[in-house]
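S.K.: Take a look at the following structure, please.
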Amino acid sequence: MAKLTSSPTEKLRRKLFAGATIRRLREERDWTQLELARRLNISPSYLSQIEASQRSLSGTMVVDLARVFRVNLSIFTDDLGDRLAANLRETLADPLFAAIEVNPRELRTAAVQMPQIGRALLDLHAQYQSLEARYRALDEAVHPEPSQPRRPISAFDEVRDFFHFIGNYVDALDLAAEALATRISEIPGDPRQRMETYLASEHGLSVVECPPDTHPAQSRLEREAGRITLNEALPVSSQVFALARHVARLTHGETADAIVAQAGFLNRDSALVCSAALSNYFAGALTMPYGAFRDEARRMRHDVERLAVRFGASLEQVCHRLSTLQRSGQEGVPMYFLRVDRAGNITKRHSATRFQFARYGGACPIWNIHEAFEMPDRFLVQRAEMPDGRQYLSIARAISKGESRFDAVRSRYAIGIGCEMAYADELIYADAIRSSGKVAEIGINCRLCERPDCPQRAVPPLDRAVIVDPWERGILPYRLG
């Protein structure tokens, strides 16, 4: 595996470089360096140094660039560079790259200055994994013997990466959903009644509830019958969301298809998975329209339970929506969102922050997301610090999902949201740790964490040697070299 060394870098000391992004935006508009320099009121030579990443960006310059290009400020921050660098670090930990020695500075330089090449490397590695898995499967069929096939890239992993790289915000769908929500809000009744009336008047579809023993699906559109059937045992919030999903395909299916086509997925199933994910995105934006939801979130200091009551949504739906508030000029608090099962598998993950999730494997056992299962029905709050020194306000809550009936099999998860401590005062949950100086030292997961003395470490880091002393035993049965 590639040898990776690291040294913590404080957020405030890190300079911001975005040369590749600026050059790409300029070329997309067919502007010369002279034209862009004139618009920014700087010299062409100064702009040339910025595009070559020889000059860092000041706060004023970032604002000017966002104004001139008419883009979100966040496109010039180092968040995407950090995300790409973290994904490259995990990829280069593969034994395939054992002869390559890379340090975090080089990784980050590559991610910031050559992002397309970095993403191409990730795609190439994913293709390699998939092809090797097929080869091993064929080899096992011809020569049955114990083997350890590599993990191929799945459609769900690829779609998660897609949402990760676009910042978990889809402008075209979000704007369209908000406009439609304004129209539907004028219809009398509660959210469920308004959605039913809209579907009947605009699409000629009736809504029929069916008992769960005859209707195992949550919802189904039956075009020939001109109706949508709903599982009557679902909570009202799930029923409304299911109807909103159908509205997404009926009204903006072509928009979603165009987004999928532009994504260039490697896995042939990824397009179908992404299409469903975009329908879910639209449904969330329709039931929790951007402007109203962001304003209420601020007023309520992001109290998830109050927001759920206000918008008739589930706790998970609210948490997911909070992680999407990244509209240019109307940004909310940058948050991450994830969902894990009792075995520690990350089943959902989205981030508008620099918080890094592992592409493969579980999460850090010290993170309060796991403790939530032990204390259901309450929110847990934690100040968490990653190995790079960044601290986050981490909020976790156990939930259960399923039909509302006695003999229903319910799925149990823990959901988590969080933000960098710089935004913590905007969340009511920060009040719970205001007087405590306790900090939980967490990592991405054990195989990517470099903390040498963590008592919860399950396995050594992939990129570190292991030293075993037969005459000495510490917290772990080995030391990291």
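The values are calculated or read from the model by the stated rules, or taken from the named source; none is laboratory data. Everything quoted here is computed from the prediction, not taken from an experiment. Counting neighbours? That spans all protein chains shown, and the Cβs are built from the backbone with ideal geometry, glycine included.
S.K.: May I ask you to say which residue of Tyr392, Tyr360 is of a type in the set (Phe, Trp, Tyr), at pLDDT below 90 and in contact with a helix residue (DSSP H, G or I) (Cβ under 9 Å, 6 or more places away or on another chain)? I'd like the intermediate steps shown before the answer.
M.R.: Details: Tyr392 fails: at pLDDT below 90.
Answer to the selection: Tyr360.
S.K.: If you check Gly389 against the conditions, is it assigned to a loop (DSSP other than H, G, I, E, B), at positive phi and loosely packed, with under 15 Cβ neighbours inside 10 Å? Explain how you work it out, then say what you get.
M.R.: On the way: assigned to a loop (DSSP other than H, G, I, E, B): yes; at positive phi: yes; loosely packed, with under 15 Cβ neighbours inside 10 Å: yes.
In short, yes.
S.K.: Out of (1) without any contact (Cβ under 8 Å) to a residue 40 or more places away in the chain; (2) outside any helix (DSSP H, G or I), what's the single condition that is false for Gln193?
M.R.: (2)
S.K.: Restricting the search to segment 201-223, which residues are part of a loop (DSSP other than H, G, I, E, B) and modelled with pLDDT of 90 or more?
M.R.: Looking only at segment 201-223, we keep the residues that are part of a loop (DSSP other than H, G, I, E, B), and these are 204-205, 211-218, 223.
Answer for segment 201-223, where residues must be part of a loop (DSSP other than H, G, I, E, B) and modelled with pLDDT of 90 or more: Gly204, Leu205.
S.K.: Just to check your reading of the model, which residue among Val247, Val240 is assigned to a helix (DSSP H, G or I), in contact with a Lys or Arg (Cβ under 6 Å, 6 or more places away or on another chain) and either within 14 Å of Ser219 (Cα to Cα) or not assigned by TED's automatic domain parsing to the domain that holds Val170 (or both)?
M.R.: On the way: Val247 fails: in contact with a Lys or Arg (Cβ under 6 Å, 6 or more places away or on another chain).
Only one candidate qualifies: Val240.
S.K.: A further question on this structure: Which residue is surrounded by the most Cβ atoms within 10 Å (Cβ to Cβ), if the candidates are limited to segment 13-53 and must be among the aromatic types (Phe, Trp, Tyr) and assigned to a loop (DSSP other than H, G, I, E, B)?
M.R.: Restricting attention to segment 13-53, the residues satisfying the condition of being among the aromatic types (Phe, Trp, Tyr) are 17, 31, 46.
Subsequent filtering for residues that are assigned to a loop (DSSP other than H, G, I, E, B) retains 17, 31.
On the way: Phe17: 22, Trp31: 16.
Of everything passing the filter in segment 13-53, Phe17 is surrounded by the most Cβ atoms within 10 Å (Cβ to Cβ).
S.K.: Looking at Arg301, Arg327, Arg310, which is the one that is part of a helix (DSSP H, G or I) and surrounded by fewer than 22 Cβ atoms within 10 Å (Cβ to Cβ)? Talk me through it step by step, then tell me what you get.
M.R.: Working: Arg301 fails: part of a helix (DSSP H, G or I); Arg327 fails: part of a helix (DSSP H, G or I).
Selected residue: Arg310, the only one of Arg301, Arg327, Arg310 that is part of a helix (DSSP H, G or I) and surrounded by fewer than 22 Cβ atoms within 10 Å (Cβ to Cβ).
S.K.: Can you spot a residue in segment 276-285 that is over 24 Å from Cys454 (Cα atoms) and either of a type in the set (D, E, K, R) or without any contact (Cβ under 8 Å) to a residue 24 or more places away in the chain (or both)?
M.R.: Yes.
S.K.: Pick from segment 97-155 the residues that are part of a loop (DSSP other than H, G, I, E, B) and small (Gly, Ala, Ser): which of them is modelled with the lowest pLDDT? Walk me through it before giving the result.
M.R.: Initial filter on segment 97-155 (part of a loop (DSSP other than H, G, I, E, B)): 98-100, 103, 114, 143-154.
Then keep just the ones that are small (Gly, Ala, Ser); that gives 98-99, 147, 154.
On the way: Ala98: 68, Ala99: 69, Ser147: 45, Ser154: 77.
Top of the filtered list is Ser147.
S.K.: OK, next. Among the numbered criteria (1) without any contact (Cβ under 8 Å) to a residue 60 or more places away in the chain; (2) closer than 28 Å to Asn87 by Cβ; (3) out of contact with any helix residue (DSSP H, G or I) (no Cβ under 7 Å at 6 or more places or on another chain), which one does Glu316 miss?
M.R.: Tallying (1) without any contact (Cβ under 8 Å) to a residue 60 or more places away in the chain; (2) closer than 28 Å to Asn87 by Cβ; (3) out of contact with any helix residue (DSSP H, G or I) (no Cβ under 7 Å at 6 or more places or on another chain), Glu316 fails exactly one: (1).
S.K.: Among the residues of segment 316-323, is any within 30 Å of Arg67 (Cβ to Cβ) and either of a type in the set (D, E, K, R) or surrounded by fewer than 21 Cβ atoms within 10 Å (Cβ to Cβ) (or both)?
M.R.: The answer is yes; a qualifying residue exists.
S.K.: Sort out which residues of segment 396-408 are buried (at least 18 other Cβ atoms within 10 Å of the Cβ) and free of Cβ contacts under 8 Å to residues at least 60 places away in the same chain, and write them in order of number.
M.R.: Looking only at segment 396-408, we keep the residues that are buried (at least 18 other Cβ atoms within 10 Å of the Cβ), and these are 396-399, 403.
Passing the criteria: Ala396, Ala398.
S.K.: In segment 409-431, which residues are surrounded by fewer than 19 Cβ atoms within 10 Å (Cβ to Cβ) and either among the hydroxyl-bearing types (Ser, Thr, Tyr) or out of contact with any Leu (no Cβ under 9 Å at 6 or more places or on another chain) (or both)? Reasoning before the result, please.
M.R.: Taking segment 409-431 as the starting set, the residues that turn out to be surrounded by fewer than 19 Cβ atoms within 10 Å (Cβ to Cβ) are 409-412, 420-423, 425-426, 428, 431.
Matches in segment 409-431: Val409, Arg410, Ser411, Arg412, Ala422, Tyr423, Asp425, Glu426, Ile428, Asp431.
Okay, residues lined up against (1) out of contact with any strand residue (DSSP E or B) (no Cβ under 6 Å at 6 or more places or on another chain); (2) under 14 Å from Ser323 (Cα atoms); (3) hydroxyl-bearing (Ser, Thr, Tyr); (4) outside any strand (DSSP E or B):
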| residue | (1), (2), (3), (4) |
| --- | --- |
| Ser394 | no, yes, yes, no |
| Ile399 | no, no, no, no |
| Phe406 | yes, no, no, yes |
| Ala414 | no, no, no, no |
| Tyr423 | yes, yes, yes, yes |
